[in-house]
Amino acid sequence: MDDVRWQNIPEARRGEAEESLLHSLGKTRVFLFAIGQSIDNEHGSSILKAWSSAGHRIGNHTYNHVLLSGENTPDEFEAGILRTDEVLRGYSGFRRWFRFPALKEGQSREVRDRLRAFLAQHGYRNGAVTIDASDWYYDQRLLKKIEIDREFDVNRFRQPYLDHIWNRAQYYDQLSRDTLGRSVPHTLLIHYNFLNSLFLSDLLAMFRSKGWAVIDAEEALADPVFKRRPNIVPAGESLIWALAKETGKFEDRLRYPGEDDTYEKASLDRLGL
């Protein structure tokens, strides 16, 4: 779960939403990749303390979530990682795992390899994602709806959102089977947001009802596949997407970027969401 942008959750619903996000997980232990800027304050600190106390792990997601690109030099990007490290190191749940914003790991081999060496030098591992999705876009659309119409029925987003996640899970799982010859223990990328405060328990129940087991993040990340470093540029996307790209065999199945709002807009427009 990424970002911890608690400020984006409507204030009137924030307390209930934050309680739901934490308690919907039950005994499942996740990695919460925090943006330093979002949690470098009293309220953000209280969230990390609560999640650490519940046994969840806290990871580094840069200080300001600016992508690694021409507008954010490698020097600035690395400084943001170290600044966030200083903010997070006091929490019992903190582990040196790092997730790139938007899963973008460098537009060139030089930058990609520099960041890989930097992370290793500072004891970090890449918190890679196998199942990528666009829950952040569904959340944006939902927030816009309730801003315009206070009486909007938020449950209208439930099934479209679950269908979206299930569709992406099926895609990446089949790609894993075709690329690696097996279904890996998956890591699903979702965000700390209002949408998931409403439907996270439904999402987990959906996977269980379809025969999937929901396991702790650290158990999944212990699989050897998470030590792979695909030799592709631009670097990033889902780890499974990148490994498939590396083979050169699946070009007709690998859109770029792997996930984006442009792929979801038409279907949500049709639904009036």
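We did not get these values from a lab; they are worked out from the coordinates using the rules stated. From a predicted model like this one, the values you see are computed outputs, not experimental measurements. Methodologically, a virtual Cβ is constructed for each residue, glycine included, from the backbone with ideal geometry; neighbour enumeration extends over all protein chains shown.
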Report task. State, to one decimal in nm, how far the label point of ALA120 lies from the label point of LEU271, with both points 7 Å from Cα in the Cβ direction. Result -> 4.3
Query raised in the report: Is there a pair in LYS245/LYS265; LYS227/LYS249; LYS104/LYS144; LYS27/LYS227; LYS210/LYS245; LYS49/LYS265 whose C-alpha atoms are over 30 Å apart, and which pairs would that be?
Result: LYS49/LYS265
**Report entry** Listed residues LEU142, PHE207, SER197: farthest to the positive end of the dipole of region 2-270 (Cβ charges)
**Finding:** PHE207
Query raised in the report: Going through region 71-107, which GluC sites (Glu not before Pro) have at most 13 other Cβ atoms within 10 Å and a DSSP loop state?
Result: GLU71
Query raised in the report: Taking the simple approach of a point 7 Å from Cα along Cα-to-Cβ for both ALA12 and THR28, what is their distance in nm?
Result: 3.1
Report task. Select from ASP85, ASP75, ASP178 the residue whose mean-square fluctuation is largest in a Gaussian network model of the chain (Cα-Cα springs shorter than 10 Å). Result -> ASP75
Requested in this report: Report relative contact order for the chain in percent, whole number only (criteria: Cα-Cα under 8 Å, sequence separation at least 6).
Outcome: 24
Requested in this report: Determine one quarter of the surface area of the Cα convex hull of region 2-120, which equals its mean projected area, and express it in nm² to one decimal.
Outcome: 7.6
**Report entry** Listed values (i) 19.2; (ii) 19.9; (iii) 18.6, entry calculated as Kirkwood radius over Cα pairs in Å
**Finding:** (i)
Report summary line: Most fluctuating of ILE35, ILE146, ILE190 in the GNM of the chain (C-alpha, under 10 Å) is ILE146
